[in-house]
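**Q** The structure is given below, and queries will be raised subsequently.
The values are calculated or read from the model by the stated rules, or taken from the named source; none is laboratory data. Small disclaimer: the values here were computed from a predicted structure and weren't measured. Every residue, glycine as well, gets a Cβ built from its backbone with ideal geometry; the counts of neighbours run over all protein chains shown. When the accessible area is computed, the model is the full protein with side chains, heavy atoms only, and any ligands, DNA or RNA have been set aside. Shrake-Rupley method; radii C 1.70, N 1.55, O 1.52, S 1.80 Å.
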Amino acid sequence: MTTDLTDRYGSPSAWRRPVTIAVAAGLAAVGLTWLVWVAWFHGNPEVRSEIVSFDVTSDHEVAARVDVRLSDDDVDATCRVRALAEDKTAVGELAFTPLGGVNDVVIRTERRATSVEKLGCTAPGQSRPR
């Protein structure tokens with residue numbers, strides 16, 4: 001004896017499949033829109049920075065050259081750089097307001113530094129340093 005499942009459980013509603021496809025397409029469109037917005041927003045920050053060079057000028061001072069790219073000239077950005085000793089201990093740190101282009105800064109240290117690291121630059125609305 002064979003029974004057909006539609007005889008036993010009934011046939012699915014005619015509207016169910018098109019509604020499911022429409023809801024899935026709507027969610028995919030919303031997700032894709034959000035993904036494009038996130039990629040654009042985080043791919044074009046207000047401020048970017050890179051260490052160009054540094055020079056240990058004395059036991060208590062390091063000169064660093066930082067290249068800062070601002071999206072507009074009126075962006076109120078803040079940048080931070082840190083001087084590290086041979087044992088990777090932070091021996092000096094400087095926060096400064098950059099100008100667009102190359103910025104020459106001097107970091108005062110508590111003892112001789114061997115390297116400088118960029119902690120990054122932030123702007124209003126950009127909490128992640130870059």
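**Q** For residues that are closer than 21 Å to Val47 by Cα and at pLDDT 90 or above, scanning just the stretch 86-100, find the one that is least open to solvent (accessible area, probe 1.4 Å).
**A** Per the criteria, the residue is Pro98.
**Q** Working only within the stretch 72-85, note down all residues that are of a type in the set (Asp, Glu) and either out of contact with any strand residue (DSSP E or B) (no Cβ under 9 Å at 6 or more places or on another chain) or buried (at least 18 other Cβ atoms within 10 Å of the Cβ) (or both).
**A** Asp72, Asp73, Asp74
**Q** Where residues in the stretch 8-56 are touching a residue at least 24 places away in the same chain (Cβ under 8 Å) and among the polar types (S, T, N, Q), which of them is least open to solvent (accessible area, probe 1.4 Å)?
**A** In this case the residue turns out to be Ser49.
**Q** In the stretch 114-130, which residues are hydroxyl-bearing (Ser, Thr, Tyr) and either open to solvent by less than 60 Å² (accessible area, probe 1.4 Å) or assigned to a strand (DSSP E or B) (or both)?
**A** Ser115, Thr122
**Q** Go through (1) modelled with pLDDT under 90; (2) over 15 Å from Ala123 (Cβ atoms) and name the single condition Pro45 misses.
**A** Condition (2) is where Pro45 drops out.
**Q** Just need a number here: residues in the stretch 73-82 that are charged (D, E, K, R) and part of a loop (DSSP other than H, G, I, E, B).
**A** Number of matching residues: 3.
**Q** Working carefully through the options Arg69, Arg111, find the one that is surrounded by 15 or more Cβ atoms within 10 Å (Cβ to Cβ) and of a type outside the set (Phe, Trp, Tyr).
**A** On the way: Arg111 fails: surrounded by 15 or more Cβ atoms within 10 Å (Cβ to Cβ).
Within the list Arg69, Arg111, the selection yields Arg69.
**Q** Any residue that is part of a loop (DSSP other than H, G, I, E, B) and closer than 13 Å to Gly120 by Cβ - is there at least one of those in the stretch 53-72?
**A** no
**Q** Check Val62 against each of (1) more than 22 Å from Lys118 (Cβ to Cβ); (2) of a type in the set (Val, Ile, Thr); (3) in contact with a Phe, Trp or Tyr (Cβ under 7 Å, 6 or more places away or on another chain) and name the one condition it does not meet.
**A** Condition not satisfied by Val62: (1).
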